[in-house]
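Participant: Here's a structure for you.
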Amino acid sequence: MIGQQAIMDAYLCLLHLTAGILVESLFNAFATAAFFKFVVFSIFEMRYLLAIWKASRPMNSGEGWETMRRELSVLYSRFYGILLGGILFMYEFHNYLRLILLLMYSFWVPQIITNIIRDSRKTFASSLHLRHDCYSTSNPIVYIWMSLQLYAH
């Protein structure tokens with residue numbers, strides 16, 4: 001789930017950067033948004049992803065630096081491979097972009113299934129989840145709203 005959020009923020013970073021290049025009069029605004037998205041996914045989310053990765057593999061932390069380096073390179077390769085593969089996938093299936101957006105923003109579903117399997121209690125009690133959900137779902141709502149041209153007079 002954290003990896004999927006990081007990939008979506010990386011996509012949004014690239015989207016803002018591309019939009020800033022295409023619309024030169026709004027370059028500063030889009031470049032600023034792209035920079036903040038880059039900071040969010042590259043520093044905060046990747047650091048959190050690495051902390052989760054390290055906590056889930058306590059047996060590998062004592063095996064030496066070479067093993068850890070190899071596993072980190074696999075983690076980064078998977079992340080950027082999925083990022084590039086997703087860009088190619090969205091380019092190839094751009095006619096189904098709404099369905100792809102719906103699937104991408106349903107990142108809570110695997111966590112809900114995992115919580116059911118593990119029988120976890122009160123995992124979504126925090127207001128942080130509500131704020132993050134509102135923030136995360138605002139992007140596809142705006143995209144669908146603009147693509148349906150509901151803002152036209």
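The values are calculated or read from the model by the stated rules, or taken from the named source; none is laboratory data. Since we're looking at a predicted model, the values are computed, not measured. We place every Cβ from the backbone using ideal geometry, glycine too, and count neighbours over all the protein chains shown. For accessibility, only protein heavy atoms count, side chains too; no ligands or nucleic acids. Shrake-Rupley method; radii C 1.70, N 1.55, O 1.52, S 1.80 Å.
Participant: Could you list, in sequence order, all residues of segment 113-122 that are open to solvent by 100 Å² or more (accessible area, probe 1.4 Å) and either of a type in the set (A, V, I, L, M, F, W, C) or within 23 Å of MET46 (Cα to Cα) (or both)?
Facilitator: ILE116, ILE117
Participant: Moving on to the next point. So, of the residues in segment 93-112 that are in a loop (DSSP other than H, G, I, E, B) and in contact (Cβ under 8 Å) with a residue 12 or more places away in the chain, which turns out to be least open to solvent (accessible area, probe 1.4 Å)?
Facilitator: PHE107
Participant: Return yes when GLU45 is within 23 Å of GLN111 (Cβ to Cβ), of a type in the set (D, E, K, R) and open to solvent by less than 60 Å² (accessible area, probe 1.4 Å) and no when it is not.
Facilitator: For GLU45, the condition - within 23 Å of GLN111 (Cβ to Cβ), of a type in the set (D, E, K, R) and open to solvent by less than 60 Å² (accessible area, probe 1.4 Å) - is met.
Participant: So which of HIS132, HIS153 ends up being within 17 Å of GLN4 (Cα to Cα) and at pLDDT below 65?
Facilitator: Being within 17 Å of GLN4 (Cα to Cα) and at pLDDT below 65 holds for just one of HIS132, HIS153, which is HIS132.
Participant: Scan segment 1-19 residue by residue and report those that are small (Gly, Ala, Ser) and in contact (Cβ under 8 Å) with a residue 12 or more places away in the chain.
Facilitator: Result: GLY3, ALA6, ALA10.
Participant: Scan segment 78-87 and give yes if some residue there is open to solvent by 50 Å² or more (accessible area, probe 1.4 Å), over 15 Å from TYR11 (Cα atoms) and at pLDDT 80 or above, otherwise no.
Facilitator: At the first step, the residues of segment 78-87 found to be open to solvent by 50 Å² or more (accessible area, probe 1.4 Å) are 78, 80, 82, 84, 87.
Next, from what is left, pick out any that are over 15 Å from TYR11 (Cα atoms): 78.
Subsequent filtering for residues that are at pLDDT 80 or above retains 78.
Taking every residue of segment 78-87 in turn, at least one turns out to be open to solvent by 50 Å² or more (accessible area, probe 1.4 Å), over 15 Å from TYR11 (Cα atoms) and at pLDDT 80 or above.
Participant: Right, another one. For LEU22, are the conditions met, namely being open to solvent by 50 Å² or more (accessible area, probe 1.4 Å), over 15 Å from the mean Cα position of the chain (by Cα) and without any contact (Cβ under 8 Å) to a residue 60 or more places away in the chain? Let's see the steps before the verdict.
Facilitator: Details: open to solvent by 50 Å² or more (accessible area, probe 1.4 Å): yes; over 15 Å from the mean Cα position of the chain (by Cα): yes; without any contact (Cβ under 8 Å) to a residue 60 or more places away in the chain: yes.
For LEU22, the condition - open to solvent by 50 Å² or more (accessible area, probe 1.4 Å), over 15 Å from the mean Cα position of the chain (by Cα) and without any contact (Cβ under 8 Å) to a residue 60 or more places away in the chain - is met.
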